[in-house]
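Okay, structure first, notes after.
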Amino acid sequence: MLLDCATLIALMVGMLLVQSGERSCLDWHGERGLSFLQLGLRQLARLCYKRLSLPKLSALPKDNPPPACASQRKRDALDCRIEFSKVVRFS
């Protein structure tokens with residue numbers, strides 16, 4: 001249960017980091033798209049190193065957040081992809 005709580009906190013911190021637009025301070029490489037968990041863990045390590053307090057955590061959104069993209073080109077590729085779905089016909 002402790003690991004689940006720690007994972008949830010890291011995910012929330014990662015989402016807050018992306019929502020606030022501070023993603024580039026931790027993930028500066030243009031092609032690497034770190035997950036919210038990885039971003040949260042890096043942010044928590046940075047806050048501990050600088051002896052800063054944790055940000056105020058908010059509830060997780062009801063809808064899935066958009067994927068964390070490191071560059072505009074990667075975001076455009078995700079937005080323009082073609083998704084196929086199974087077609088079901090009833091007669």
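The figures follow:
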read-out	value
Test item: Cα-centred dipole of the chain, Lys/Arg +1 and Asp/Glu -1 on Cβ, debye	80 debye
Residues GLU83, GLU22 arranged by fewest to most Cβ contacts within 10 Å	GLU83, GLU22
³J(HN,Hα), Karplus 6.51/-1.76/1.60, whole Hz, each residue of the stretch 38-44, x for Gly, Pro	5, 4, x, 5, 5, 5, 5
Within straight-line cross-link reach of LYS86, lysines at Cα separation under 27 Å, skipping those fewer than 8 residues along the same chain	LYS62, LYS74
Derived scalar couplings ³J(HN,Hα) [the stretch 52-65; Karplus, 6.51 cos²θ - 1.76 cosθ + 1.60; whole Hz; x for Gly, Pro]	9, 7, 6, x, 6, 7, 10, 5, 5, x, 6, 8, 5, x
Cβ-based exposure ranking for LEU37, LEU3, in which fewest neighbours within 10 Å come first	LEU3, LEU37
Estimated 222 nm signal from helices in the chain, with DSSP H stretches of n ≥ 4 weighted -39500 (n - 2.57), rounded to 500	-14000 deg cm²/dmol
Least to most buried among MET12, MET1 (fewest other Cβ within 10 Å first)	MET1, MET12
Cβ-derived FRET efficiency at R0 25 Å, VAL87 paired with SER35, nearest 0.05	0.20
Three-way shape call for the stretch 2-79 based on the alpha-carbon gyration tensor, with the a/c threshold at 1.5	oblate
Residue-wise HN-Hα coupling along the stretch 10-22, computed from phi with Karplus coefficients 6.51, -1.76, 1.60 (Hz; x: Gly, Pro)	5, 4, 5, 5, x, 5, 4, 5, 5, 5, 7, x, 9
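Every read-out reported here was derived from the displayed coordinates using simple, explicitly stated rules and does not represent laboratory data. Bear in mind the structure is a predicted one, so any value in this text is a computation, not a measurement. Using ideal geometry, Cβ is built from the backbone for each residue, glycine included, and neighbour counts are taken over all protein chains shown.
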